[in-house]
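Student: What follows is a single structure, and I will ask about it in a moment.
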Amino acid sequence: MFRKKECVAMLLAGGQGSRLYALTSKVAKPAVQFGGKYRIIDFPLSNCINSGIDTVGVLTQYQPLVLNEYIGNGLPWDLDRYFGGASILPPYQGKERSDWYKGTANAIYQNLEFIDKFDPDYVLILSGDHIYKMDYSKMLEYHKENNAACTIAVLDVPLEEASRFGIMSVNEDGSIYKFTEKPKEPDSTKASMGIYIFSKDKLFDYLRADNKNPDSCNDFGKNIIPEMLKNGERMMAYEFSGYWKDVGTISSLWEANMDLVGKNATFDLSDEGWRIYSRTESRPPQFLGAEAKVDNSILTEGCEVYGEVKNSVLGSGVKVAKGAVVVDSVIMSDVEIEEGAVVNYCIIDSYTKVGKNAKLGKVKDEAAGVTVIGEKCIVPEGTVIGDNEMITEI
Amino acid sequence: MTVVGLIFSNVYDRNISEMTRKRTMASVPFGCRYRLIDFALSNMVNSGIDKVGIVTHYNYQSLLDHIGNGKDWDLARRSGGIKILPPFITAYDSNVANKLYSTRLEAMIGINNFINRCTEDYVVLSDCDIICNINLSKVIKQHEESGADLTVVTKKMFLTDDDAGKHTIIESDDEGYASNVYVSTSNTIGINPISTNIYVIKRTTLQGLLLEALAHGYKSFTLDVLTVLAKKRLVKCYEFDGYYAYVHSLAGYFSTSMQLLDPNVRAGLFGIKHRPVMTKVRNSAPTKYTDGAVVNNSLIADGCVIEGEVIDSILFRGVKVGKGTVIKNCILLQDTYIGENCNLNCVITDKNVVIKDGRNLSGHESMPFFIEKGARV
């Protein structure tokens, strides 16, 4: 006999994140490391458990291995449960048809049975692309109060940026009357955050109908939401204010990392009441050598710094040798930077070795672009790599 | 071959009473993010032991909080895993001459039920205050092959005047059998093989010894068991050659902690492949170093915010160091808050201590200034 869950979360984690190039050549975007000790997916997962949602289906497709292992049984997020917890949902072979997930809506459609098992009243749809802290239980309250079929979280964005987002036009009572994907001339600044709560029956009806429509792209933004609006369903916009960052590009990923740096950082992870959980390996504390110089940076467990680090984010187990200099950079786990190497305005993916006296990137200024070094690269001694480069193999 | 581990969590509490007033020796914080028991526990888990009994006596709330269900050591199991063994006896029986060691034997008699229900072939006994990373499988293998009743892990240590009477010295013969056991001798300055209080014994042998101890009213493991067996040439020594330290006083806690600033010590404790030291995960954010922070030769946990100067020090999780403050040779435990323009030298702050702006506090290496849990200065 199964119990029931009021709300089940479905986390779309199958995206490639192609605009992160080298950083997502081996891992899906939600598995990209962030902020020293996290991966992007830690944010929606931690938000779920902190919001009291303990049943999360994680839909994987592109390069799922790292992600599968990382999520495991959901233990780090307290999502290891008898009933509920974290479940990884890859596309599967069916008796009659075997399909990859064709679109966001199709991914959910293929897992309706999974959702149904918990007999939820509501389904929360999340994506694994964003860095933010949000109490989904408040959004669910709002959804219930308004008796909505669908509630979409929206964020006020500057008018000049609005054309990059899906924009909601909203009545005074918060109900949505128009939705435009990336409008050239936006008439509202309320951007969809890609977070939806559906009443279960409505979701199931629309997904089933959508699946029968051969012309559909099976996408929430392109098909489901417009279709629901067209049919006059009660759609509500839930206004979120707070830090929210799409880390879909190299520059936005760099910026979001830097938002954690500084005493009064834009984004604060030290809130004990809203912890961000992550799967961590057992590593010793960080060590700063006698001649180390660390300014305006964040470091985590396993780091060893004997050189100079400024305005940077260092992942776990990063070694910066004597005489090496790291400035304005995001260094992911287990990177070794050898003596005399200089790293400026770079993102370096995990397990890469930067040889002695190598010079990577260019001093950050308005013209310079971020240089990206992929994972497990060996950068030979004395190598010089300019700005705005993307290196996956040397 | 199956093995069960037993860890004694309260031995030597009195040695470092400043820190064990409200916690067990096992839960004394050590090395930025660990508790002493993490070393004994990790040693067992890394050696394939997945059933560990933790013998407690009193004050063990902090220990229970730390261990939880054993998840962080992968010891949350249906079968085996962590077993907390609360007391059946009173600690520090007033009739016993050698109180510390009597506790161990009495404790084991008290948990007879647990031991009798075990089906494992061997039992590894370990104290909770041993700071080392040892492969116990090797000790067990040697024990199995030797046919000895008991194997004791020894370590050659340089003992000073301060160590007098605090160790059991075990000399061994050419074949590795314990030949002489010295308890509480004072004339021990120099290098001596001391007992690490890690023992391997066959479960059935241990059960027999415990029955005998109960029947004869034996109190001391060292005097009534180890010494007697050694005389019969039934005790083998296993000499451990890795890093080993113990905590026998507050000054010892201070100096042992400071040894962690030596990269060789860290390599011997934390740098051994496939043998990580595991501890309770706290999910602190990474540590922030602000503009103008100066941190040299220091070991820092996650969750700190450092705006001042930190030299030759050890900072636990969630420590805040304000602007203009200089911290030298200090050990600041979890969530210590140091205001602005303070000067601290040779200070140990227990958890949640608040040092207000402008304070000047200093101890000496031989007598560090200890500030108790939750104090405001």
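Student: Can you give me the convex hull volume of the Cα atoms of the range A:1-78, divided per residue and expressed in Å³?
Tutor: 103
Student: Starting from the amide H of residue B:84, placed 1.01 Å from N in the peptide plane, find each other amide H under 5 Å away whose residue is 5 or more places distant or on another chain.
Tutor: B:54
Student: List the lysines whose Cα lies under 18 Å from the Cα of residue B:83, skipping any in the same chain that are fewer than 8 positions away.
Tutor: Qualifying lysines at Cα under 18 Å: B:51, B:71, B:280.
Student: Here is a further query. For chain B, take the longest principal axis of its alpha carbons; what is the angle in degrees between that and the long axis of helix B:250-259, to the nearest 10 within 0 to 90?
Tutor: Its long axis makes an angle of about 80 degrees.
Student: Output ³J(HN,Hα) for the range B:296-312: one whole-Hz value per residue in order, computed from phi by the Karplus curve 6.51 cos²θ - 1.76 cosθ + 1.60 with θ = phi - 60°, and x for Gly and Pro.
Tutor: Karplus values, whole Hz, x for Gly and Pro: 10, 6, 9, 10, 10, 8, 6, x, 8, 10, 10, 10, x, 10, 10, 10, 6.
Student: So what are the ³J(HN,Hα) numbers for the range A:327-344, from phi and the Karplus equation (6.51, -1.76, 1.60; θ = phi - 60°), rounded to whole Hz, Gly and Pro as x?
Tutor: Each residue's phi maps through the Karplus curve to give 10, 6, 10, 10, 10, 8, 4, 6, 7, 10, 10, 7, 3, x, 6, 10, 10, 10 Hz.
Student: Just tell me which lysines come within less than 20 Å, Cα to Cα, of residue A:230; anything on the same chain fewer than 8 places away is out.
Tutor: A:178, A:182, A:190, A:200, A:202, A:212, A:222
Student: In a solvent-free Debye calculation with one equal scatterer on each Cα, what is log10 I(q)/I(0) for the protein assembly as shown at q = 0.04, 0.05 Å⁻¹, listed in the order of the q values?
Tutor: So the normalised log intensities work out to -0.20, -0.31.
Student: Okay, moving on. I need the per residue convex hull volume for the range B:101-181, using only the alpha carbons, in cubic angstrom as a whole number.
Tutor: Details: hull volume 11.4 nm³, N = 81.
Normalising the Cα hull of the range B:101-181 by residue number yields 141 Å³.
Student: Leaving out same-chain residues fewer than 8 places away, which lysines sit with a Cα under 18 Å from that of residue A:362?
Tutor: Within the straight-line cut-off, residue A:362 pairs with A:310.
Student: Let me ask another. Please work out the C-alpha center-to-center distance from the range A:121-196 to the range B:167-203 and express it in whole Å.
Tutor: 71
Student: From the backbone phi of the range A:297-307, what are the Karplus-calculated ³J(HN,Hα) couplings (6.51 cos²θ - 1.76 cosθ + 1.60, θ = phi - 60°) in whole Hz, Gly and Pro given as x?
Tutor: 9, 10, 10, 10, 4, x, 6, 9, 10, 10, x
Student: Calculate the tail of P(r) for chain B: the fraction of all Cα-Cα distances greater than 30 Å, expressed in %.
Tutor: In whole percent, the share of Cα-Cα pairs in chain B beyond 30 Å is 39.
Student: Looking at chain B, send over the antiparallel percent of its DSSP beta bridges, to the nearest 5.
Tutor: 35
Student: What do you get for Rg/Rh over the range B:288-371 if you use C-alpha atoms and the Kirkwood form of Rh?
Tutor: When Rh is taken as the Kirkwood radius, the ratio is 0.91.
Student: Order of B:203, A:97 from fewest to most other C-beta atoms within 10 Å?
Tutor: A:97, B:203
Student: Explain nothing, just the number: dipole magnitude of chain A about its Cα centre with +1 on each Lys and Arg Cβ and -1 on each Asp and Glu Cβ, in debye rounded to the nearest 20.
Tutor: Dipole about the Cα centre, nearest 20: 660 debye.
Student: So, one more: For residue A:391, which sequence-distant residues (separation of 5 or more, or a different chain) have an amide H within less than 5 Å of its own amide H, given hydrogens modelled in the peptide plane?
Tutor: The list, which skips near neighbours in sequence, is A:372, A:373, A:374.
Student: Oh, and also: Got a sec? How would A:301, A:281 order by Cβ neighbour count within 10 Å, fewest to most?
Tutor: Sorted ascending by nearby Cβ count, the order is A:281, A:301.
Student: At a Förster radius of 60 Å, what calculated FRET efficiency corresponds to the Cβ-Cβ distance of residue A:161 and residue B:365, to the nearest 0.05? Don't skip to the answer; put the middle values down first.
Tutor: On the way: r = 58 Å, r/R0 = 0.97.
Plugging the Cβ-Cβ distance into 1/(1 + (r/R0)^6) gives 0.55.
Student: Whose amide H sits under 5 Å from the amide H of residue A:238, counting only residues 5 or more places off or on another chain, with H placed in the peptide plane?
Tutor: A:152, A:153, A:154
Student: Right, something else. Semi-axes of the equivalent ellipsoid for chain A, please: Cα gyration tensor eigenvalues, times 5, square-rooted, ordered largest first, whole Å. It would help to have the intermediate numbers written out before the result.
Tutor: On the way: eigenvalues 311, 99, 78 Å².
In descending order, the three semi-axes are 39, 22, 20 Å.
Student: Do the sum for the protein assembly as shown: with -39,500 (n - 2.57) for every DSSP H run of n ≥ 4, divided by all residues, what is the mean residue ellipticity at 222 nm, to the nearest 500 deg cm²/dmol?
Tutor: -5500 deg cm²/dmol
Student: Let me ask something else. On a 0 to 90 degree scale, rounded to 10, what angle separates helix B:37-46 from the longest Cα axis of chain B?
Tutor: On a 0 to 90 degree scale, this one is about 60.
Student: Also, quick follow-up: If you average the alpha carbon positions of the range A:262-328 and of the range A:330-366, how far apart do those two centres end up, in angstrom?
Tutor: 14
Student: For the range A:274-394, just list the percent of Cα-Cα distances falling in each 10 Å bin from zero outward, please.
Tutor: Taking every Cα pair in the range A:274-394, the percentages come to 15, 49, 28, 6, 0.
Student: State the Cα centre-to-centre distance between the range B:330-350 and the range B:62-81 in whole Å.
Tutor: Here the two parts' Cα centres lie 31 Å apart.
Student: For chain B, the longest stretch holding no GluC sites (Glu not before Pro) located in a DSSP loop with at most 12 other Cβ atoms within 10 Å is which?
Tutor: The reported range is B:176-364.
Just so you know, all these numbers are worked out from the coordinates, no wet-lab data involved. All of these numbers come straight from a predicted model, not from anything done at the bench. When we count neighbours, we look across all protein chains shown, and the Cβ atoms used for this are built from the backbone with ideal geometry, even at glycine.
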